[in-house]
Amino acid sequence: MWSGRTACARNGRASADGDVAVTWLAGVDGCRAGWIIGLVRLAGDEVTIRVVPHFAAVLAAPEAPAIIAVDMPIGLPDRVGAGGRGPEVLVRRMLPGRASSVFSVPSRAAVYEDDYTGACRIARATSDPPRALSRQLFNIMPRIREVDIALRADPAAQARVFESHPELAFCRMNGGLPPPPKKTPDGAAARRALLAAVGLVAPDQAPRGAAVDDMLDALACATVARRLYYGTASSHPDQPGRDTHGLPIAIWT
């Protein structure tokens, strides 16, 4: 059963769906309580924010979003070269001063090891040059596994779930320059302004279980979902690769 906590924001117009089908798009980010979803109506200006415990609940959201852009790696390599997967190498070049915000995803075997020492050992053995894992990356590996498991179990979901990166989205919205760091008041204000400029007004507070920067990141991913829906998003690289399970390896903006 789907369940979650909600916060909403509108630009003053009431929602009047009636019997007319409504298309929703979603941006998703990991948060303390699981996953935060920024749901955006394709027609109109309604924004709904929800927190759910598992990624499977994102796919089962009652709004049935047509496109979901998630800030989490999709497509896991068997071996990793310098700098991680190809998309990560490309995207770092587009984030002056913020390249460290793009993690180098380890091999699939390392991602599925739940012991830190063991994961580092496997990561070194499956990377060239050999590279261990940071604790920060290791701590998000359960989230990476959730997405991977959910998409491999549901081939239909693969057509509507795309990897994105909120820092890159904000950078592109800001004319190619990263806004101030997201955990500062100036950074939060700048991100709210960038979202408002494209018609997305974020609630004042995030739902319980998520931070405000998580909410803003989810909405940045929602702007990528909207571009994906209209066919104006960009893939890095231009032609997504595929892992051994057929999942795409690309970051969209």
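The values are calculated or read from the model by the stated rules, or taken from the named source; none is laboratory data. Because the structure is a prediction, the values reported are computed rather than measured. Here Cβ is always computed from backbone atoms with ideal geometry, including for glycine, and neighbour counts include all displayed protein chains.
Annotation: of all residues in region 138-178 being outside any helix (DSSP H, G or I) and in contact with a Leu (Cβ under 7 Å, 6 or more places away or on another chain), the one that is farthest from Ile74 (Cα to Cα) is Asn174. As a summary of the residue check, Ala132 satisfies the conditions (1) free of Cβ contacts under 8 Å to residues at least 24 places away in the same chain; (2) within 26 Å of Ala169 (Cβ to Cβ); (3) part of a loop (DSSP other than H, G, I, E, B) except for the one numbered (2). When the residues of region 100-137 are filtered to those that are farther than 18 Å from Glu163 by Cβ, hydroxyl-bearing (Ser, Thr, Tyr) and modelled with pLDDT under 95, the one that is nearest to the chain's Cα centre (by Cα) is Ser100.
Do the conditions hold for Arg131, that is, is it more than 27 Å from Ala211 (Cβ to Cβ) and in contact with a His (Cβ under 9 Å, 6 or more places away or on another chain)?
Judged against the criteria, Arg131 is not a match.
With Thr253, Thr244 as the choices, which residue is under 14 Å from Leu168 (Cα atoms), of a type outside the set (Lys, Arg) and touching a residue at least 12 places away in the same chain (Cβ under 8 Å)? None of the others qualify; the one that does is Thr253. Pairing residues of region 180-205 that are outside any loop (DSSP other than H, G, I, E, B) and at pLDDT 95 or above with residues that are aromatic (Phe, Trp, Tyr) and surrounded by 12 or more Cβ atoms within 10 Å (Cβ to Cβ), at Cβ distances under 9 Å and at least 6 apart in sequence or on separate chains, gives Ala190/Phe170; Arg191/Phe170; Leu194/Phe170; Leu195/Phe170.
For residues that are of a type in the set (D, E, K, R) and closer than 17 Å to Ser101 by Cβ, scanning just region 187-215, find the one that is surrounded by the fewest Cβ atoms within 10 Å (Cβ to Cβ). Among those residues, the one meeting the criterion is Asp213. Within region 114-129, being assigned to a loop (DSSP other than H, G, I, E, B) and surrounded by fewer than 12 Cβ atoms within 10 Å (Cβ to Cβ) holds for Asp114, Asp115, Asp128, Pro129. Take Val52 and decide whether it is over 17 Å from the mean Cα position of the chain (by Cα), surrounded by 19 or more Cβ atoms within 10 Å (Cβ to Cβ) and in contact (Cβ under 8 Å) with a residue 40 or more places away in the chain. The answer is no for Val52. Annotation note: of Ser15, Ser3, the sole residue that is touching a helix residue (DSSP H, G or I) at 6+ places or on another chain (Cβ under 8 Å), at pLDDT below 90 and assigned to a loop (DSSP other than H, G, I, E, B) is Ser3.
Val91 meets each of the listed conditions (1) of a type in the set (A, V, I, L, M); (2) within 24 Å of Pro207 (Cβ to Cβ); (3) at pLDDT 90 or above; (4) not in a loop (DSSP other than H, G, I, E, B) apart from (2).
The residues of region 94-113 that are farther than 19 Å from Ile74 by Cβ and part of a helix (DSSP H, G or I), listed by number, are Ala99, Ser100.
Regarding Thr126, is this residue touching a residue at least 40 places away in the same chain (Cβ under 8 Å) and farther than 30 Å from Trp24 by Cα?
Taking the combined requirement at face value, the residue satisfies it.
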